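The values are calculated or read from the model by the stated rules, or taken from the named source; none is laboratory data. Keep in mind the model is a prediction, meaning the values are calculated, not measured. Reconstructed Cβ throughout: ideal geometry from the backbone, glycine too, with neighbour counts over all protein chains shown.
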């Protein structure tokens, strides 16, 4: 049996196994192999998958790595690297879309966390959202205000106010992630929350919560009794 036939047989066996069993019992390098079949039509992707795991340490680290770094791994290239980098973003869109379909009422910190964790999943950088809600606490629009670095995202109160007005928000929920830490708020997080509450107060737009997401954990200012009240001046 020549090399091409051998590799074709391996690919078909892996595909058949996926169709019959799903990915639950696949090893990380086998998941990568299966993905790479879609963009590397010929040859053995097994050593490439192993090189990726060895270089970046885990499946999630490979998928979240800079595409330029992934492309530099022997056997990869730009096309394959871009394809892998799309996986976390497509996954995030998929889970978020599933939540959006039912337009849930975000009337508890648990409901907000269920909505936000998929929205933040796999993001290596800090992002800040303003969830614009209607009078029934349903999401009108999740406004992405800022995309920053691993440690911070710059947020301007004026932009937050503009988004809330544009989407006719009856109330809002602030949300950001800590991709490289815990969900515990920093002093800057407390300061920003107070600033934004004061900016929206005169417009009669209530701030219902500020949620910080770190992985599968979520910290709620409202639940912890830390959400500041608007102080009219």
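Check segment 187-199 and report whether any residue there is over 18 Å from residue 155 (Cα atoms) and in the same structural domain as residue 129 (by TED's automatic domain parsing).
No; the residues of segment 187-199 include none that is over 18 Å from residue 155 (Cα atoms) and in the same structural domain as residue 129 (by TED's automatic domain parsing).
Quick one: residue 42 ticks every box in (1) surrounded by fewer than 13 Cβ atoms within 10 Å (Cβ to Cβ); (2) modelled with pLDDT of 90 or more; (3) in contact with a helix residue (DSSP H, G or I) (Cβ under 9 Å, 6 or more places away or on another chain) except a single one, so which number is it?
(2)
Condition first: surrounded by fewer than 19 Cβ atoms within 10 Å (Cβ to Cβ) and over 16 Å from the mean Cα position of the chain (by Cα). Now tell me which residues in segment 59-72 satisfy that.
Matches in segment 59-72: 67, 68, 69, 71, 72.
Does residue 85 qualify as being within 17 Å of the chain's Cα centre (by Cα), assigned to a helix (DSSP H, G or I) and crowded, with 17+ Cβ neighbours inside 10 Å?
Working: within 17 Å of the chain's Cα centre (by Cα): yes; assigned to a helix (DSSP H, G or I): yes; crowded, with 17+ Cβ neighbours inside 10 Å: yes.
So residue 85 passes the test.
Can you find even one residue in segment 211-222 that is surrounded by fewer than 18 Cβ atoms within 10 Å (Cβ to Cβ) and not in a loop (DSSP other than H, G, I, E, B)? Show your work before the answer.
Step one: filter segment 211-222 for residues surrounded by fewer than 18 Cβ atoms within 10 Å (Cβ to Cβ), giving 214-217, 222.
Checking which are not in a loop (DSSP other than H, G, I, E, B) leaves us with 214, 217.
Looking through segment 211-222, at least one residue is surrounded by fewer than 18 Cβ atoms within 10 Å (Cβ to Cβ) and not in a loop (DSSP other than H, G, I, E, B).
Just to be sure before I move on: is residue 190 within 24 Å of the chain's Cα centre (by Cα) and without any contact (Cβ under 8 Å) to a residue 40 or more places away in the chain in the structure I sent? Steps first, answer last, please.
On the way: within 24 Å of the chain's Cα centre (by Cα): yes; without any contact (Cβ under 8 Å) to a residue 40 or more places away in the chain: yes.
Answer is yes for this residue.
Of all residues in segment 122-145, count the ones that are surrounded by fewer than 18 Cβ atoms within 10 Å (Cβ to Cβ) and either under 15 Å from residue 178 (Cα atoms) or not assigned by TED's automatic domain parsing to the domain that holds residue 193 (or both).
The qualifying residues number 4.
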